[in-house]
Each structure stands twice: as C-alpha cells, then as structure tokens.
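Report on the structure given below.
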Amino acid sequence: MDNIFIKDLLIRGVIGISEREREQPQDILVNIEIYADITEAGKSDNVEESVNYRTVAKKVLAHSETIKRYTVEALAEDIARLVLEDKKVQSVLVRVEKPGAVRFSRSVGVEIVRTNSK
C-alpha cells in the first residue's frame, strides 16, 4: 500500500484537562500517514487521483485550532475521522503529541491507526 505522509505539523490549540492548559493555545505536534493506492496519480500526474496532502493539512489545522479537546486521544480520533472522509483513503495512522507536557520528556502523546469501512 502507498503512503502519503504529513510530518511534524505544528498546531496551536487548546488541549488538556487543567485550567492552566485550557487558558491559552499550546503547541501540538501532529504526524499523519495516509495509506491509499496512488498508482493512477503517479501515472497521470493528476492530484485529483491522489489524496491531496495540502487539503488534509488545512482541514486538520482548522479543526485542531478551534476544537478545544481535553485529551490527545480525542484529538487523534477527530483527525483520523477527517482524513477518512476521503474515500480514496484506506487507512490512516495519526500521532498527536504535546511537547513539554511531562517534565524531563521531549513530548507525550498517542498514536492510533484507523481503517475506512467502505
């Protein structure tokens, strides 16, 4: 299966459970791996035959900057659902991280895999 990826998408959004975390946007790091058959796009050189990673990134940014989730788990589910709206997508791996959320760690987060039920 072919893999389209968006690496280290930096988003500013409200995420967390404490009052301090919910007061103002913080950095959220998102990585997305989209699995789809992009053979025809490679042959035709037509982006309409592929999954447009720019469109995906814009949707994820717009959603994540406004949703105000409590958990990275919920945000990861939101992102997976957004990506899977494109019926060309067979599955998606989503990784959501909160840099600096835990002392002495670079980041913490979750990684999920979801499949399109056609």
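The values are calculated or read from the model by the stated rules, or taken from the named source; none is laboratory data. Every value quoted in this text rests on a predicted model; they were computed, and no experiment measured them. So basically every Cβ, Gly included, is an ideal-geometry build from the backbone, and we count neighbours across all protein chains shown. Only protein heavy atoms, including side chains, enter the accessible area calculation; ligands, DNA and RNA are left aside. Shrake-Rupley method; radii C 1.70, N 1.55, O 1.52, S 1.80 Å.
Per residue, how much accessible area does the chain show when a 1.4 Å probe rolls over the protein heavy atoms, in square angstrom? If you can, show how the numbers build up before the last one.
Numbers: 7470 Å² over 118 residues.
In whole numbers, the chain has 63 Å² accessible per residue.
Taking every Cα-Cα distance in the chain and sorting them into 10 Å bins from zero, the calculated P(r) comes out as 14, 44, 27, 12, 3, 0 percent.
For the chain, the longest principal axis of the C-alpha atoms and the axis of helix 53-64 are separated by about 30°. In terms of Cα to Cα distance under 19 Å, which lysines are near enough to Lys43, apart from those fewer than 8 places away along the same chain? Once the sequence-local lysines are set aside, what remains near Lys43 is Lys88. Seen against the Cα atoms of the chain and their longest principal axis, helix 72-84 is set at about 20 degrees. The convex hull defined by the C-alpha atoms of the stretch 74-118 has an orientation-averaged projected area of 3.2 nm². Remark: spin-label model distance Phe5-Thr39 equals 2.3 nm, labels positioned 7 Å along the Cα→Cβ axis. Ligands, DNA and RNA left out, the accessible area of the stretch 1-86 computed with a 1.4 Å probe is 48% carbon and sulfur. Distance between the 7 Å Cα→Cβ label points at Leu61 and Thr115: 3.3 nm. Charged neighbours of Glu65, selected by a Cβ distance under 13 Å, balance to +3 (K, R count +1; D, E count -1). Here Lys58 is the anchor, and the lysines within straight C-alpha reach of less than 16 Å, apart from those fewer than 8 places off in the same chain, are Lys7.
Restricting the stretch 28-118 to chymotrypsin sites (Phe, Trp or Tyr not before Pro) that sit in a DSSP loop and have at most 16 other Cβ atoms within 10 Å of their own Cβ leaves Tyr70, Phe104.
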